[in-house]
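Visitor: What follows is a single structure, and I will ask about it in a moment.
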Amino acid sequence: MNIIFLGPPGAGKGTQSRFLEKKYGIVQISTGDMLRAEVACNSDIGKQAKALMDSGKLVSDDLIIAMIKNRIAQKDCQKGFILDGFPRTEAQAEALDRLLVSEGKTIDAVLFLNVDEDILADRISGRFTCVQCGKIYNDISNPPRVDGVCDACGGHEFQRRADDKRETVVERLKEYRRSTAPILPFYEKKGCLYTVNGMLPADEVTAEIEAFLKK
């Protein structure tokens, strides 16, 4: 089972990806993680990517596609994979499609988490994580049961991402609408796009996703 998650930043793609990864044994693939791994192991792709980043340039779509090709060929992807954060543009979607055709693979489902962006901006700007275990909290919707103490590991140190400030979130959502939202029709034409109500509680979002996957 090969899946793509689409939706604006903070829609819950990572949370739902981790659930599917655990339940179905398919691997969540983050292009950011892949890029860091390639650079760390000093591969040819990593060297090219590092040179671009060091010069302040964006990593090209060709390099990202090459990384994905290498990643999905690995043994742990035999049961399938989840792409979270890619593709971000129609050109990337088309390039990914060509890659999968050449590898004899297909995308079984593209899951679009549809959310109210105003509410989402409030949700993201209020979130913070435990430094020790990475559990995600929110000031309003999901605070720790005991103030200042992580529910999962008992840690006392938390952090907020700099790009989770409300004004930054609003700009990220604008960029999403400009570049990523237009790829939805690309997958709709292929008949594999499923729209999920991302405003529901996480367990209900999961239930909707599972209902789509059973089809």
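The values are calculated or read from the model by the stated rules, or taken from the named source; none is laboratory data. As the structure is a prediction and not an experimental result, all values here were calculated from the model. We place every Cβ from the backbone using ideal geometry, glycine too, and count neighbours over all the protein chains shown.
Visitor: So, in the range 122-135, exactly how many residues are among the β-branched types (V, I, T) and either under 21 Å from E167 (Cβ atoms) or touching a helix residue (DSSP H, G or I) at 6+ places or on another chain (Cβ under 7 Å) (or both)?
Guide: The qualifying residues number 2.
Visitor: Please verify whether R71 is within 17 Å of the chain's Cα centre (by Cα) and part of a helix (DSSP H, G or I), treating the condition exactly as stated.
Guide: Yes, satisfied.
Visitor: Tell me, which helices (runs of 4 or more DSSP H) lie completely within the range 128-215 with 2 or more residues that are hydrophobic (A, V, I, L, M, F, W, C) and over 16 Å from E117 (Cβ atoms)? Break it down into steps so the answer makes sense when it comes.
Guide: Working: elements: 166-175, 184-190, 202-214.
Result: 202-214.
Visitor: With out of contact with any helix residue (DSSP H, G or I) (no Cβ under 9 Å at 6 or more places or on another chain) and not hydrophobic (A, V, I, L, M, F, W, C) as the only criterion, which of S60, S55 stands out? Walk me through it before giving the result.
Guide: Details: S60 fails: out of contact with any helix residue (DSSP H, G or I) (no Cβ under 9 Å at 6 or more places or on another chain).
Step by step, each of S60, S55 is checked, and only S55 is out of contact with any helix residue (DSSP H, G or I) (no Cβ under 9 Å at 6 or more places or on another chain) and not hydrophobic (A, V, I, L, M, F, W, C).
Visitor: Determine which member of the set A66, A49, A73 is small (G, A, S), within 20 Å of E103 (Cβ to Cβ) and in contact with a helix residue (DSSP H, G or I) (Cβ under 6 Å, 6 or more places away or on another chain).
Guide: Matching residue, one of A66, A49, A73: A66.
Visitor: Out of the residues in the range 83-121 that are in contact with a helix residue (DSSP H, G or I) (Cβ under 6 Å, 6 or more places away or on another chain), among the acidic types (D, E) and not in a strand (DSSP E or B), state the one that is nearest to V170 (Cα to Cα).
Guide: Per the criteria, the residue is E117.
Visitor: Please specify each residue of the range 178-215 satisfying the condition of being over 22 Å from D97 (Cβ atoms) and without any contact (Cβ under 8 Å) to a residue 60 or more places away in the chain.
Guide: The answer is L200, P201, D203, E204, A207, E208, E210, A211, K214.
Visitor: Does T31 satisfy the criteria of being touching a residue at least 60 places away in the same chain (Cβ under 8 Å) and among the hydroxyl-bearing types (S, T, Y)?
Guide: The answer is no for T31.
Visitor: Given the structure, is L193 modelled with pLDDT of 90 or more and either of a type in the set (A, V, I, L, M) or touching a Ser or Thr at 6+ places or on another chain (Cβ under 8 Å) (or both)? I'd like the intermediate steps shown before the answer.
Guide: On the way: modelled with pLDDT of 90 or more: yes; either of a type in the set (A, V, I, L, M) or touching a Ser or Thr at 6+ places or on another chain (Cβ under 8 Å) (or both): yes.
Yes.
Visitor: Right, here's the next one. Within the range 123-134, which residues are closer than 12 Å to E157 by Cβ and surrounded by 16 or more Cβ atoms within 10 Å (Cβ to Cβ)?
Guide: F128, T129, C130
Visitor: Next question. Can you find even one residue in the range 14-30 that is hydroxyl-bearing (S, T, Y), in contact with a helix residue (DSSP H, G or I) (Cβ under 7 Å, 6 or more places away or on another chain), at pLDDT 85 or above and under 28 Å from A202 (Cβ atoms)?
Guide: Within the range 14-30, the subset hydroxyl-bearing (S, T, Y) is 15, 17, 24, 30.
Narrowing further to those that are in contact with a helix residue (DSSP H, G or I) (Cβ under 7 Å, 6 or more places away or on another chain): 15.
Subsequent filtering for residues that are at pLDDT 85 or above retains 15.
Narrowing further to those that are under 28 Å from A202 (Cβ atoms): 15.
Yes, the range 14-30 has at least one match.
Visitor: Can you run down the residue pairs with Cβ atoms below 6 Å, 6 or more apart or on separate chains, where the first is in the range 164-176 and under 14 Å from R88 (Cβ atoms) and modelled with pLDDT of 80 or more and the partner is β-branched (V, I, T) and surrounded by 13 or more Cβ atoms within 10 Å (Cβ to Cβ)?
Guide: Within 6 Å, no pair qualifies.
Residue-wise test of (1) surrounded by fewer than 19 Cβ atoms within 10 Å (Cβ to Cβ); (2) touching a strand residue (DSSP E or B) at 6+ places or on another chain (Cβ under 7 Å); (3) within 28 Å of K214 (Cβ to Cβ).
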position	(1), (2), (3)
F5	no, yes, yes
A11	no, yes, yes
G14	yes, yes, yes
G25	yes, no, yes
I29	no, yes, yes
M34	no, no, no
G46	no, no, no
A51	yes, no, no
I64	no, no, no
